[in-house]
1. May I ask you to list the residues in the range 1-47 that are at pLDDT below 75, within 25 Å of residue 187 (Cα to Cα) and not in a helix (DSSP H, G or I)?
2. Find the residue count for the range 87-124, including only residues that are in contact with a Leu (Cβ under 9 Å, 6 or more places away or on another chain), in a loop (DSSP other than H, G, I, E, B) and of a type outside the set (Phe, Trp, Tyr).
3. Which one is farthest from residue 52 (Cα to Cα), of the residues in the range 153-184 that are among the hydrophobic types (A, V, I, L, M, F, W, C) and modelled with pLDDT under 90?
4. Tally time: how many residues in the range 221-275 are at pLDDT below 75, in contact with a strand residue (DSSP E or B) (Cβ under 9 Å, 6 or more places away or on another chain) and loosely packed, with under 14 Cβ neighbours inside 10 Å?
5. Among the residues of the range 172-220, write down those that are assigned to a helix (DSSP H, G or I), polar (S, T, N, Q) and either surrounded by 15 or more Cβ atoms within 10 Å (Cβ to Cβ) or on the phi > 0 side of the Ramachandran plot (or both).
6. If the Cβ limit is 8 Å and pairs must be 6+ apart or interchain, which residue in the range 109-124 that is closer than 11 Å to residue 94 by Cα and free of Cβ contacts under 8 Å to residues at least 24 places away in the same chain pairs with which residue that is charged (D, E, K, R) and surrounded by 14 or more Cβ atoms within 10 Å (Cβ to Cβ)?
7. For residues in the range 133-171 being without any contact (Cβ under 8 Å) to a residue 40 or more places away in the chain and aliphatic (A, V, I, L, M), which is surrounded by the fewest Cβ atoms within 10 Å (Cβ to Cβ)?
8. Could you check the range 146-164 and list, in sequence order, the residues that are part of a helix (DSSP H, G or I) and of a type in the set (A, V, I, L, M, F, W, C)?
Amino acid sequence: MVGLPNAIREIYINTFETHNWPPLQLIIILLVMIAVVAFIVLVERGERRIPVQYAKRIVGRRMMGGQSTHMPLKVNAGGVIPVIFASSLLAFPQTLLTVPWIKDVPWLQAALRSIGFAEPLYAVLFTAGIVFFCFFYVSIIFNPNEAADNMRKYGGFIPGIRPGKNTADYLNKILTKITVVGGLYLALLSLVPQIMISGIKLQHLPLIGNWIDQYFPRFLLDGLGVTFYFGGTSLLIVVGVAMDTVNQVEAQLIMRHYEGFTPRSGRIRGRRSGG
């Protein structure tokens, strides 16, 4: 977000000084900004809560367990890491174009340029790479078999699901679905700046490229030429850090017996202050 001041300056100059942008275009850009931020907040706070019931058991002279809780599975558990990995891999072929001996091989040079920025193959590989690294990251931080074993060890179970392998399969099925959704969300968020700047060159597709170039809207094929600083990984990082900061402040206030940091709590006051 280092370029945010320049983006605001560019919007102001194009709208009010050079009049290159009509007021309607400014309104559309502002609405897109608000929609992108709201979309990020919605998905980043989204989670699938799996109900977990703990059976009652007697430990010594005390009755333990019997309570109900839930296991939260975040929609976007990997954060911005899958996008960074996927973009880094796709940047490597473009680096190879600078190698002298590759410039002498026409077919290799054409193949590398076909996965360049804004090309259709780039968008496909970028989306596939993000989804792959989402699964890769989730497989590292969460093991359904281990979670099912720990749940069974402490007398927990998911209502309607048998403990053990059935529980692990159930968790893996849900995790697969929400990971695909999280990967597509990251891909969409990352492709928004590309579409705003240079579009997606669908007219370069073989066989149907001429038909697409004739009938598809130009803003999709060539972009709007707008340096869109309000989307992609930068905004995801900023919104994520802001949300984590609010959660940390909220946790500290509650831990120290304060009402919280939410607007409905009103004035911050101690629980022991007697009103």
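The values are calculated or read from the model by the stated rules, or taken from the named source; none is laboratory data. It should be emphasised that the depicted structure is a prediction, and the values quoted were computed from it without experimental measurement. Reconstructed Cβ throughout: ideal geometry from the backbone, glycine too, with neighbour counts over all protein chains shown.
1. 1, 2, 3
2. Of the residues in that region, 4 qualify.
3. 161
4. The number of residues fulfilling the criteria is 7.
5. If we filter the range 172-220 for residues that are assigned to a helix (DSSP H, G or I), which is where we start, we get 172-197, 202-204, 209-215, 218-220.
Imposing the further condition that a residue be polar (S, T, N, Q) reduces the set to 172, 176, 179, 190, 194, 203, 210, 214.
If the condition is that a residue be assigned to a helix (DSSP H, G or I), polar (S, T, N, Q) and either surrounded by 15 or more Cβ atoms within 10 Å (Cβ to Cβ) or on the phi > 0 side of the Ramachandran plot (or both), then 172, 179, 190, 194, 203 are the ones that fit.
6. Close Cβ pairs satisfying both conditions: 113/119.
7. 140
8. Our first condition is that a residue be part of a helix (DSSP H, G or I); within the range 146-164, this holds for 146-153.
Once the filter is applied, which keeps residues that are part of a helix (DSSP H, G or I) and of a type in the set (A, V, I, L, M, F, W, C), the range 146-164 yields 147, 148, 151.
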